[in-house]
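Each remark here refers to the structure printed beneath this line.
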Amino acid sequence: MNNHDKIRKVAIIGYNRIPFARANTAYAKVGNQDMMIAALNGLIDKYKLKGKLLGEVAGGAVIKHTYDSNLIRECVMKTSLDPATPACDLQQACDTGIESAIYIANKIALGQIESGIAGGVDSISDIPMAVSENLRKILLDARQEKSLGGKIKQFFKLRPKDFTPLVPRNEESQTGLSMGGHTEITAKYYKISREDQDNLALKSHLNMSKAYDEGFFDDMITPFQGLDKDNNLRRDSTIEKLAKLPPAFDKTNGTLTAGNSTPLTDGASCILLASEEWAKEQGLPILAYITFAEVAAIEYVKNQQNLLLAPLFAASRMLDKAGLTLQDFDYYEIHEAFAAQVLATLKIWESPELSKELGLKKSLGAIDRNKLNVKGSSLAAAHPFAATGGRIIGVMAKLLNEKGSGRGFISICAAGGQGITMIIEK
């Protein structure tokens, strides 16, 4: 069959992840490979993929060591998939997981492959550290020396300060501000109150607690390193406890806290995508379909309040292409990097004036907030950068499959002023 003359439907077949863990807790002694392999093995076992040759596996990590340069391929080789399954690394900050899904989905839609896995992983606990620039240069010069005396002469140039390790900094290189620092500006610019941020955070924890109690996550998570649930989840969270937390970024006049912002996190997730024909051949049910996706970027150096608002542009373009309105959805999943960023997104959608000021053609209108992040989201689960996309796609696919029909809207923001939106349908 020649598949080049039509665009095929892309089915979501399965999902799996390990519990997410706050940095330097349960996964303090493991790294990206260990976590990604655990997530993949859980998917392989669940959907009987042992020995299967898949079209491709794509994913990546935002933070990784130099020896992780071929991370996803190395992980695939250490699973029970057919070792002839190709793999590649992608990286687009917090969009990495969902961008990987788009990559695999496009290949399936074009008939290039029949099946594939998309995923992502990040370890903040196993963060790489670099040496100082002066130490690096001296070590390189010493390697060029022919004699032992020449090497020693180079080493005598070293000073105590040269041995101070360089830890990656959580900041935008263009502005020197952290993501939280930018979002604090967003909260002030769009007048997002501390009370509203705390209420959104509380709802995320309450929704996720209820989802765990109802067994929603039972078939979605592979236990790992003694964890069977996300350890950032606070079942006992209250609005009073959240209100007592001090500002985390602007210590004097800030509204962002550790309670309404996501913490640094370790974790991995993956999803199984395929053509309808492949799913039928394998005897696997189709949970839902990826039908539209859009990537966008935004200027955030001069307009520092914009860092996490690129999905607003992605959503507008995507909905135009799909011929849909923002109200045509049964569920909405908006990545909760910060409560303030979610609330700013909703406020801009609802305001023709703010939409015009941002440069949007029109406001998209209000959504039913009872349909938003109904099983909790990143403020409760936490946020291992590259793994969040897989978690959110998995949740949306399961929601639609359980409902039996409908549409889901996904929005994920990312560092570097980027963002992705996606439509999933059943």
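Read-outs: derived from the displayed coordinates by stated rules, not from any lab. Model, not experiment: these values are computed from the prediction. Don't worry about glycine lacking a Cβ; one is built from the backbone with ideal geometry, like all the others, and counts go over all protein chains shown.
Arranged from fewest to most other beta-carbon atoms within 10 Å of their beta carbon, Ile392, Ile98 become Ile392, Ile98. Bridges between two residues of the chain, per DSSP, are antiparallel at a rate of about 75%.
The mean sequence separation of alpha-carbon pairs under 8 Å and at least six residues apart, normalised by the residue count of the chain, gives a relative contact order of 26 percent. Within the same chain, aspartates and glutamates fewer than 8 places from Lys251 are excluded, and of the rest, those with a Cα less than 12 Å from its Cα are Glu184. Treating r as the C-beta distance of Glu350 and Leu245 and R0 as 35 Å, the FRET efficiency rounds to 0.80.
Largest mean-square fluctuation among Phe216, Phe385, Phe313, in a Gaussian network model of the chain whose springs join Cα atoms under 10 Å apart, belongs to Phe216. The alpha-carbon of Lys157 sits under 19 angstrom from the alpha-carbons of these lysines, leaving out residues fewer than 8 places away in its chain: Lys137, Lys146. Here's how it looks for Phe329: its modeled amide H is under 5 Å from none belonging to a residue 5 or more places away or on a different chain.
Checking the cross-link filter: which aspartates and glutamates have an alpha carbon closer than 13 Å to that of Lys78, excluding same-chain neighbours under 8 positions apart? Qualifying aspartates and glutamates at Cα under 13 Å: Asp34.
Taking each of Lys188/Lys241; Lys241/Lys371; Lys64/Lys161; Lys229/Lys321 in turn, the alpha-carbon distance tops 31 angstrom for Lys229/Lys321.
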